[in-house]
Amino acid sequence: MRRVLLPHHISPDPAPAAGVLREFGGTSMGTSWSVRLVEQGGPAPLQEGLQQQLDAVVAEMSHWEADSDLGRFNRAAAGSWQALPAAFYEVLSFAMNVARDSGGAYDPCAGALVNLWGFGPGSRFKDDDFAPPAASQVQAVLAQRAGQGVKLDQATRAAWQPGGVQLDLSAVAKGYGVDRLAQYLEAQGIRHYLVEVGGELRGAGVKPDGQPWWVALEQVGAEVQDALGVPQIVVALHGLAIATSGDYRRFFQQGGQRYSHTIDPRSGAPIENSLASVSVVHVHCMAADAWSTALTVLGLKDGLALAESRRLAVRFVAREGEGLREYMSSHFRAMLEEE
């Protein structure tokens, strides 16, 4: 039995005759990026342009770079409107919409909580002397955030800093970076490509042999094969993007307790639910990236219900007993075929 995920719509546009497969790559956002594309004719100087797209994302939206536009917003005086670059405003606006639609399970304004738990710049959770914050510290940050929301003004493309709000777009910036690379390639007339940034992917068109860009759905670990008793799902990224959130990526353990890097903005603490990973398939990687985080925070029951109501294609992997079990939204299952 082979399980494959196929898009509902297949483009009739074939790969270029005598097209050549080319590869590009580099580093950005603390991770690696890669691009595979089909090109016709002589090689185009794309490496620099691709890197510049991601450098621009970092310069605007990185919470690791003090001089980024996001860093300047985080340091801005209380009660001030801050003009934002167009891309930054677009991403923040989208992220805040997901925050609203998820009931606050995802919140781009929760950077202070992420920092408190040691998962912000500097990755303090890796330090030998790092200790989880006391409940009183968490409550103090939650109290400061209460009623102090960021407001947006579309006409002036500005955001209101109420005072002390720390934006963190790490759950959406990589996905946006993937989309930005895809948009750059299409602006260069390239219609057949596979883009990846830190494991988030988006594909379009087909390879020179006419096959789509096949990618394996990210797994929790080797134990998934035995625990689920089913083959790994392979996805045809043809006009689709995919992002996965999981508690196995970044975490620390102290006193026999495991602390996930995914923080629930509502409680102010790392999530404690059964989900090991959540994969979202969407036409836009930014959306897949943000929703995979929000649904992870919501947990299996509420996350699956929200995925159904929003017609999102989602695969959940939950820990049950000593093993793992998968759950799928109906939209995800509708694209799944077995051979």
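The values are calculated or read from the model by the stated rules, or taken from the named source; none is laboratory data. Bear in mind that the values here come from a model prediction, so they are computed numbers and not experimental data. Cβ placement follows ideal geometry from the backbone for every residue including glycine, while neighbour counts extend to all protein chains displayed. Surface areas here come from the heavy atoms of the whole protein model, side chains and all, with no ligands, DNA or RNA. Shrake-Rupley method; radii C 1.70, N 1.55, O 1.52, S 1.80 Å.
So the values come out like this:
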| quantity | calculated |
| --- | --- |
| Subset tally (residues that are assigned to a loop (DSSP other than H, G, I, E, B) and more than 20 Å from Asn273 (Cβ to Cβ)) for region 103-132 | 12 |
| Residue within region 106-121 that is modelled with pLDDT of 90 or more and under 30 Å from His9 (Cβ atoms) present | yes |
| Index of the failed condition, Phe130 passing every other in (1) exposed (fewer than 13 other Cβ atoms within 10 Å of the Cβ); (2) in contact with a Lys or Arg (Cβ under 8 Å, 6 or more places away or on another chain) | (1) |
| Members of region 12-31 found to be open to solvent by less than 60 Å² (accessible area, probe 1.4 Å), within 28 Å of Ala173 (Cβ to Cβ) and out of contact with any helix residue (DSSP H, G or I) (no Cβ under 9 Å at 6 or more places or on another chain), listed by number | Arg22 |
| Val283 vs. criteria open to solvent by 50 Å² or more (accessible area, probe 1.4 Å) and modelled with pLDDT of 90 or more | yes |
| Residue check, Glu65 free of Cβ contacts under 8 Å to residues at least 12 places away in the same chain, farther than 15 Å from Leu181 by Cβ, open to solvent by 30 Å² or more (accessible area, probe 1.4 Å) and acidic (Asp, Glu) | yes |
| Residue ranges of strands (runs of 3 or more DSSP E) in region 1-102 with at least 2 members modelled with pLDDT of 95 or more and under 28 Å from Trp213 (Cα atoms) | 20-28, 31-39 |
| Hits in region 133-178 (condition: part of a helix (DSSP H, G or I) and over 29 Å from Arg258 (Cα atoms)) | Tyr176, Gly177, Val178 |
| Residues satisfying the stated conditions in region 133-156, i.e. of a type outside the set (A, V, I, L, M, F, W, C), exposed (fewer than 11 other Cβ atoms within 10 Å of the Cβ) and at pLDDT 90 or above | Ser136, Gln154 |
| Residue list for region 161-195, restricted to those being under 23 Å from Pro121 (Cα atoms) and out of contact with any His (no Cβ under 8 Å at 6 or more places or on another chain) | Gln161, Pro162, Gly163, Gly164, Val165, Ala171, Val172, Ala173, Lys174, Tyr176, Gly177, Val178 |
| Answer from Gly49, Gly111, Gly103, Gly71 - the residue that is small (Gly, Ala, Ser) and at positive phi | Gly103 |
| Residue in region 206-213 that is at pLDDT below 95, among the polar types (S, T, N, Q) and assigned to a loop (DSSP other than H, G, I, E, B) present | yes |
| Search result, residues across region 272-299 that are among the hydroxyl-bearing types (Ser, Thr, Tyr), assigned to a helix (DSSP H, G or I) and more than 11 Å from the chain's Cα centre (by Cα) | Thr296 |
| Residues of region 180-202 satisfying the condition of being open to solvent by 10 Å² or more (accessible area, probe 1.4 Å) and touching a Cys at 6+ places or on another chain (Cβ under 6 Å) | Arg202 |
| Selected residue (criterion: nearest to Met335 (Cα to Cα)) from residues of region 230-271 that are part of a strand (DSSP E or B), open to solvent by 40 Å² or more (accessible area, probe 1.4 Å) and modelled with pLDDT under 65 | Phe251 |
